[in-house]
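Just so it is clear, none of the values below were taken in a lab; they were calculated from the coordinates. Keep in mind that what you see is a predicted model, and the values were worked out from it rather than measured. Here Cβ is always computed from backbone atoms with ideal geometry, including for glycine, and neighbour counts include all displayed protein chains.
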Amino acid sequence: MRSRAWVEIDLTALRTNYRTIRERVGSRVGIIPMVKAGCYGLRSPAVIDVFEAEGPWGYGVATVAEGIELREGFDGRRPPVRRPILVVTPIPPGGEQDAAEAQLTACISDLDGLDRWSAAARRQRTTLDFHVEVDTGMGRAGFDWREVQSWATAVRERVGPQLRWTGVFTHFHSADAADGTSVEVQWERFQDTLSRLPVSREDLVVHAANSAAAMRWPEVHADAVRPGIFLYGGHPAPDIEDAAAIAPKPVVAVRARLAMIRDVPPGTTVGYGATHTARSWERWGTLDIGYGDGLPRSLGNRGSAIVRGRRVPIIGRISMDLTVVDLSGVPEAAPGDIVTLIGSDGGEEITVDEVAGQAQTISYEILTGLTPRLPRVLLDGGAPDSETR
Ligand SMILES: *Cc1c(COP(=O)(O)O)cnc(C)c1O
């Protein structure tokens, strides 16, 4: 690798995390890997190859464009995906035609949306599938569970030769919380809704669980689960007590080159705003990575990096392209060294959850924030196989 900085994706760990979920849910429950936002920022179609080999029920995307990308095999670079692809957000008016052409499965939240989906099916002279989303407390999309009497029959009436009702789902808002009460409440609301649907439960794929729910509550596994963050190595519930028991294998590492080293006298300042001043002679190292690569700017004077197996502090503000660390504790460090911002080196490890905590956000935002400027390097047991997307 001659790059200044890059993202490593450990496909073996990804596969292991998938299999951990498989073990947890058993062989009868379908797995719908959530691959939205470029597989949570991993941005590598090789991720899909790993999932395809494991035989998932289908995939979940957030946008029509993401679904089309899967169907078209990332511009023909991979085999096209033929399994169901759920667009888990409401398709905006006007987006139905493209979604229909790609035979995506719409997730329907209101009757207008269903009518537009139906019209798209007629225009295409095809049959389209849809899942109904039930809002049991998430409040962003879905039919209100309290009004099932008014919408369920109307939905059923629209089903016909061109429109197949194939699934129903809900989404938990606090499956990562220590207290499972809200999951229980939402699950009861969902069960209540299911019991009032004018279709046979057998004809529908019923799903609810995200990573945290899939790992923590077998009683909500239903017919399929929709894990995301766990697959990509983010802890699904970092704040709960038995967190270690459900930890995924780390999948993503972020590394950068040590570009230069200087010994600076007391009083020397570093970075915009000069927020760090050397108190004595210090050895500083400049890393070829910054917030323009997705390293959170909030890690300035707070985060750390691993150099030659040892942790060093990030000093001063992070710039768009550069970050400075205090190398006083690793005097043998040399320009060209590979420095780890996320991942392990020697006995040290910086997890994506640690970085998220320091940046006062969640692992999801750290991963999806890794920009395309960082080439993606695939590791799968053997030698790295580089790929840039
Ligand atoms: C993103 C998403 C998921 C996956 O959630 P994780 O916490 O990443 O496992 C599941 N369902 C829906 C509807 C989502 O939008």
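Here are the numbers:
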item	result
Test: residue in region 237-251 that is among the basic types (Lys, Arg) and more than 30 Å from residue 14 (Cβ to Cβ)	no
Region 234-246 - residue that is free of Cβ contacts under 8 Å to residues at least 60 places away in the same chain and within 15 Å of the ligand (Cβ to nearest atom) and, of those, surrounded by the most Cβ atoms within 10 Å (Cβ to Cβ)	246
Selection from region 187-220 of residues that are under 18 Å from residue 88 (Cα atoms) and over 16 Å from the mean Cα position of the chain (by Cα)	190, 204, 205, 206, 207, 208
Members of region 213-233 found to be buried (at least 24 other Cβ atoms within 10 Å of the Cβ) and part of a helix (DSSP H, G or I), listed by number	213, 214, 215
Number of the condition not met by residue 5 [criteria: (1) surrounded by fewer than 21 Cβ atoms within 10 Å (Cβ to Cβ); (2) more than 17 Å from the chain's Cα centre (by Cα)]	(1)
Residue check for residue 286: out of contact with any Asp or Glu (no Cβ under 9 Å at 6 or more places or on another chain), more than 26 Å from residue 249 (Cα to Cα), of a type in the set (S, T, N, Q) and free of Cβ contacts under 8 Å to residues at least 40 places away in the same chain	yes
Count - residues of region 55-83 that are in contact with a Gly (Cβ under 7 Å, 6 or more places away or on another chain) and free of Cβ contacts under 8 Å to residues at least 12 places away in the same chain	1
Region 169-211, residues that are exposed (fewer than 14 other Cβ atoms within 10 Å of the Cβ), without any contact (Cβ under 8 Å) to a residue 40 or more places away in the chain and in contact with a helix residue (DSSP H, G or I) (Cβ under 6 Å, 6 or more places away or on another chain)	none
Residues of region 269-297 classified as touching a strand residue (DSSP E or B) at 6+ places or on another chain (Cβ under 9 Å) and either surrounded by 16 or more Cβ atoms within 10 Å (Cβ to Cβ) or over 30 Å from residue 371 (Cβ atoms) (or both), total	19
Any hit, region 40-59, residues being surrounded by 22 or more Cβ atoms within 10 Å (Cβ to Cβ), within 16 Å of the ligand (Cβ to nearest atom), of a type in the set (A, V, I, L, M, F, W, C) and not in a helix (DSSP H, G or I)	yes
